[in-house]
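Here is the structure we will look at.
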Amino acid sequence: MPTYLTPTEANFLVDAIQAGLPAMYATIYPSDVQEAFAAEASAMLEVVEPEQQTAVSERLESLVLVTGGFE
């Protein structure tokens with residue numbers, strides 16, 4: 001049986017991503033930022049309980065909206 005992040009742990013990771021924006025992508029070419037974020041989001045969703053994936057996905061999507069798509 002796989003081990004998943006708890007909702008608290010998943011929220012902590014989303015909070016950490018949000019706190020690190022935009023500095024966490026400072027070393028990535030601007031044209032690659034969306035792809036880098038999508039890869040991180042996808043990897044995170046793989047380790048979140050299936051029942052929690054929608055909620056985590058919505059929080060991650062809100063980061064994209066707040067940043068204007070990282071532009």
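General observations
- Search result, residues across region 35-71 that are within 11 Å of VAL14 (Cβ to Cβ) and modelled with pLDDT under 90: GLU40, LEU63
- Count of region 1-33 residues which are hydrophobic (A, V, I, L, M, F, W, C), assigned to a helix (DSSP H, G or I) and over 16 Å from ARG59 (Cα atoms): 3
- Selected residue (only one of LEU45, LEU21 is touching a helix residue (DSSP H, G or I) at 6+ places or on another chain (Cβ under 6 Å) and surrounded by 12 or more Cβ atoms within 10 Å (Cβ to Cβ)): LEU45
- Out of ALA41, ALA36, sole residue that is more than 22 Å from PRO7 (Cα to Cα), in a helix (DSSP H, G or I) and under 11 Å from the mean Cα position of the chain (by Cα): ALA36
- Meets criteria (among the hydrophobic types (A, V, I, L, M, F, W, C) and in contact with a Leu (Cβ under 9 Å, 6 or more places away or on another chain)) for LEU65: no
- Considering residues of region 1-18 that are among the aliphatic types (A, V, I, L, M) and more than 12 Å from the chain's Cα centre (by Cα) only, the residue surrounded by the most Cβ atoms within 10 Å (Cβ to Cβ): LEU5
The values are calculated or read from the model by the stated rules, or taken from the named source; none is laboratory data. Treat the numbers as computed from the prediction; the structure is a model and nothing was measured. For neighbour counting, all protein chains shown are included, and Cβ atoms are generated from backbone atoms with ideal geometry for every residue, glycine included.
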